[in-house]
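Enquirer: Encoded as structure tokens, here's the structure I'll be asking about.
What follows draws every value from the coordinates through simple rules; no lab data is involved. These numbers come from a predicted model, not from an experiment. Ideal geometry is used to build each Cβ from the backbone, glycine not excepted, and the neighbour counts take in all protein chains shown.
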Amino acid sequence: MNNARLTALSIKNFKSYRDEVTIPLAPLTIIVGPNNSGKSSLIQALLLLKQTLLDPNGYIPLKLDGLVDAFDLRELTFGCPESNQEKPVTGPSFHLEWECPINMETALNKVGLNKNLSHLAEKSGIDWIEGATSNESLTSKTKLKIHTETLQGSTRFSILEITVTIPEKSRESYLLRILPNDKDGPVEWQKQKTRKIQVEYDHFIPYLRIDRSRVGPRLTERAWHDAYLILFEQPLETLKQIIQNLHYLGSHRAVPSSLFKHATTDPLEIGASGEFAAQILHRKQSEIIHFLPTLELSEDGSTIQPHSKVQALPLVEAVNRVMRSLSIHPPLSIKDHGVGFQLLFGDANIPHVGKGLSCLLPLVQLGLFADPLRFSGERGEMTLEEYLEQCDSYSHIAIEEPEAHLHPKVASRLAHFLVSQAMAKRQFIIETHSDHLVRRLRGLIARAEPGGELESWLLENVRILNVSCVDGCSKVEVNHLTRDGWIDEHWPADFMDESSNEESAIYFAKLEKKDTPVAINSAITLLDGDEPEDEATL
């Protein structure tokens with residue numbers, strides 16, 4: 001089973017992050033913190049890399065126009081340093097970690113199945129390659145460090161470092177270092193300089209090239225290049241696909257139309273504002289989507305159990321199923337008028353059903369659309385284990401302020417939806433100001449059966465990142481849920497305790513008012529010449 005997914009993101013010298021911060025990326029990562037603390041910057045780092053890889057001009061190191069827009073790289077650099085016409089100015093650094101399989105048959109085909117692997121092992125320093133076979137699938141843990149700089153207004157890389165570890169074979173890591181501006185040779189293998197290996201770039205993804213007609217199979221640099229083909233090429237290609245396919249829904253939502261135009265091609269994304277959600281619904285309304293039904297509380301609200309069967313339903317039917325679980329009961333339907341189509345909830349056109357519902361629809365649709373098996377298979381159901389076995393990788397989804405314009409009850413139930421889909425190969429990064437959502441996550445683990453599947457999943461797969469900013473520098477504190485429904489390590493200040501603090505203030509203020517001799521209603525009564533009958537009247 002291919003479990004390819006991002007496992008961590010580090011940034012340094014990027015926007016308000018002066019010092020390096022590393023955040024683990026779990027299947028459900030929740031980012032909380034005050035306004036202007038740096039929460040969105042964590043997502044923007046990924047969006048910057050995504051818009052770069054989607055640009056067809058592969059020679060551009062970082063694309064600075066798109067969802068992340070800047071005049072030059074210095075705008076995205078901590079402190080916005082002054083330009084230097086003679087020396088490079090250090091820019092942001094990005095550090096990505098991910099897991100993915102390496103298909104050894106594919107890898108060995110790259111270097112030749114008849115390769116002398118003992119020679120390759122000796123020259124490359126990778127001892128276990130000597131016993132490698134083509135029927136293996138190994139799990140790699142890979143890290144890519146991207147160091148940037150600007151010179152005379154132009155963005156470039158100073159260093160690219162790729163480290164691969166194969167836990168099944170060795171604890172040792174293998175380091176490939178790219179120095180694009182080094183005239184003596186851009187490539188280092190295990191800190192040893194190479195002379196005959198060259199580099200081509202697809203933005204920040206390096207591809208090593210060697211002239212095999214001039215570098216014989218017994219030479220060391222040929223072995224280093226073969227080792228690159230075996231260990232590095234597949235993980236780098238996997239990272240490229242992960243970043244390019246990152247789904248994103250921002251905090252702003254597109255204004256719904258009374259009549260939508262037909263799409264001429266299939267949209268590949270919901271859109272940053274959900275602007276393509278309607279067209280996807282229209283074109284794919286009968287196509288199959290796989291999803292795990294939303295978690296449900298028991299009738300008395302005291303317990304909760306996860307579903308074990310993944311449903312395969314047409315898209316519109318799946319949307320309605322989830323909407324009902326979030327307490328939205330008017331069914332969604334699509335009415336085609338030939339020149340365009342309408343989205344209806346019950347009998348009402350979507351512009352007339354309220355802002356909250358039109359904001360919720362693209363969010364729910366995105367969680368479903370991110371199904372790794374979307375638009376394939378037939379209607380029915382399968383076990384969660386069967387579904388996971390069929391998925392090639394996780395889908396990665398970043399959402400900002402999913403609670404926007406939602407009733408607190410619906411915002412709370414979003415936690416049920418997000419957990420269910422995260423259990424079904426969706427990896428979420430959620431930036432939120434909603435204590436209702438986080439409080440319900442705490443409620444879910446508190447209600448979960450002790451030692452049960454849901455409790456174990458929540459303990460292992462939910463991370464709450466507390467972002468704060470002191471003296472203009474952002475920092476991140478990583479928290480886990482506890483079995484009793486609390487947050488360990490760093491309780492988010494002025495977030496989870498705001499409601500309880502206000503309730504306490506109201507209670508004590510009420511007690512003080514009872515001791516006040518004259519209240520507004522009694523003052524009105526006294527104007528009529530009447531005395532209050534008892535203390536309760538006051």
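Enquirer: Sort 411-419, 68-76, 300-308 by packing, meaning the average of other beta carbons within 10 Å per residue, with the highest value first. All intermediate terms of the calculation are to be shown ahead of the outcome.
Expert: On the way: 411-419: 24.6, 68-76: 16.3, 300-308: 13.6.
For the peptides 411-419, 68-76, 300-308, the packing ranking is 411-419, 68-76, 300-308.
Enquirer: Near the amide H of Thr7, under 5 Å away, which other amide H atoms are found, from residues 5 or more places off or on another chain, if H is placed in the peptide plane?
Expert: For Thr7, whose amide H was placed from the backbone, the distant partners under 5 Å are Glu97, Trp98, Glu99.
Enquirer: In terms of Cα to Cα distance under 18 Å, which lysines are near enough to Lys191, apart from those fewer than 8 places away along the same chain?
Expert: Here the lysines satisfying the reach criterion relative to Lys191 are Lys123, Lys143, Lys145, Lys183.
Enquirer: Taking the Cβ of Leu360 as the centre, find all other residues whose Cβ is under 10 Å away and add up their charges (Lys, Arg: +1; Asp, Glu: -1).
Expert: Details: positive: Arg253, Lys355; negative: Glu403.
Its environment carries a net charge of +1.
Enquirer: Placing unit charges on C-beta atoms (Lys and Arg positive, Asp and Glu negative, everything else neutral), compute the dipole magnitude of the stretch 247-447 about its Cα centre in debye, rounded to 20. Before the final figure, lay out the partial values.
Expert: Details: 19 positive and 22 negative charges, 89 e Å.
Value, rounded to 20: 420 debye.
Enquirer: Here's a follow-up. To the nearest 500 deg cm²/dmol, what mean residue ellipticity at 222 nm is calculated for the chain from DSSP H runs of n ≥ 4 alone, each contributing -39,500 (n - 2.57), summed and divided by the residues?
Expert: Numbers: 14 runs with 157 residues, N = 538.
Dividing the helical sum by the residues of the chain leaves -9000 deg cm²/dmol.
Enquirer: Another one. Which ³J(HN,Hα) values in Hz, rounded to whole numbers, follow from the phi angles of the stretch 346-363 under the Karplus curve 6.51 cos²θ - 1.76 cosθ + 1.60, where θ = phi - 60° and Gly and Pro get x?
Expert: Taking θ as phi minus 60°, the curve returns x, 9, 9, 5, 4, x, 10, 9, x, 4, x, 5, 5, 7, 6, 4, x, 5 Hz for the stretch 346-363.
Enquirer: At q = 0.16, 0.18, 0.28 Å⁻¹, work out log10 I(q)/I(0) for the stretch 433-474 with the Debye formula, treating every Cα as an identical point scatterer and leaving solvent out; two decimals please.
Expert: Calculated log10 I(q)/I(0) at the listed q: -0.53, -0.61, -0.98.
Enquirer: Residue by residue through the stretch 370-386, which ³J(HN,Hα) values in whole Hz follow from phi under the Karplus form 6.51 cos²θ - 1.76 cosθ + 1.60 (θ = phi - 60°), with glycine and proline marked x?
Expert: Karplus values, whole Hz, x for Gly and Pro: 6, 3, x, 9, 4, 6, 9, x, 10, 4, x, 8, 8, 5, 4, 5, 4.
Enquirer: Here is a follow-up. Amide H of Arg209: which non-local residues (sequence gap of 5 or more, or other chain) have their own amide H closer than 5 Å, using H built in the peptide plane?
Expert: Gln198, Val199, Glu200
Enquirer: Starting from the eigenvalues of the Cα gyration tensor, five times each then square-rooted, give me the equivalent ellipsoid semi-axes of the stretch 45-162, largest first, whole Å. Intermediate results must be reported in sequence, preceding the final value.
Expert: On the way: eigenvalues 304, 53, 31 Å².
Ellipsoid half-lengths, sorted descending, are 39, 16, 12 Å.
Enquirer: Still on this structure, please answer the following. Tell me, what HN-Hα J-couplings in whole Hz come from the Karplus equation 6.51 cos²θ - 1.76 cosθ + 1.60 at θ = phi - 60° for each residue of the stretch 137-150, using x for Gly and Pro?
Expert: Here the 3J(HN,Hα) series is 10, 9, 8, 9, 10, 10, 10, 10, 10, 10, 10, 10, 7, 10 Hz.
Enquirer: What is the sum of charges, Lys and Arg at +1 and Asp and Glu at -1, for the other residues whose Cβ falls under 11 Å from the Cβ of Thr383?
Expert: Values: positive: Lys309; negative: Glu381, Glu385, Glu386, Glu389.
Value of the local net charge: -3.
Enquirer: Give me the extension gain from Glu269 to Ser16: residue separation times 0.36 nm, minus the current Cα-Cα distance, reported in nm with one decimal.
Expert: Result for the pair: 88.2 nm of gain on full extension.
Enquirer: Let me ask you something else. Charges only on Cβ, +1 for Lys and Arg, -1 for Asp and Glu: so what's the dipole of the chain about the Cα centre, in debye to the nearest 20? Could the numbers behind the result be given before it?
Expert: On the way: 55 positive and 74 negative charges, 536 e Å.
Using only the charged Cβ atoms, the result is roughly 2580 debye.
Enquirer: Still on this structure, I have one more. Amide H to amide H under 5 Å from Phe14: which residues, 5+ apart in sequence or cross-chain, H placed 1.01 Å off N in plane?
Expert: Answer set, sorted by chain and number: Phe78, Ser93.
Enquirer: Tell me the relative contact order for the chain as a rounded percent, counting alpha carbon contacts under 8 Å between residues six or more apart. Show your work: numbers first, answer last.
Expert: Numbers: 1031 pairs, mean separation 89.2, N = 538.
17 percent.
Enquirer: Once you have all Cα-Cα distances for the stretch 247-447, histogram them in 10 Å bins from zero and send the whole-percent values.
Expert: Bins of 10 Å from zero give 9, 37, 38, 15, 1, 0 percent of pairs.
Enquirer: Something else: Let me check I've understood the local charge: for Gly485, count other residues with C-beta under 13 angstrom from its C-beta, Lys and Arg +1, Asp and Glu -1. What total comes out? Numbers along the way, then the final one.
Expert: Numbers: positive: Arg439, Arg440, Arg442, Arg447, Arg483; negative: Glu455, Asp484, Asp488.
Summing Lys and Arg as +1 and Asp and Glu as -1 gives +2.
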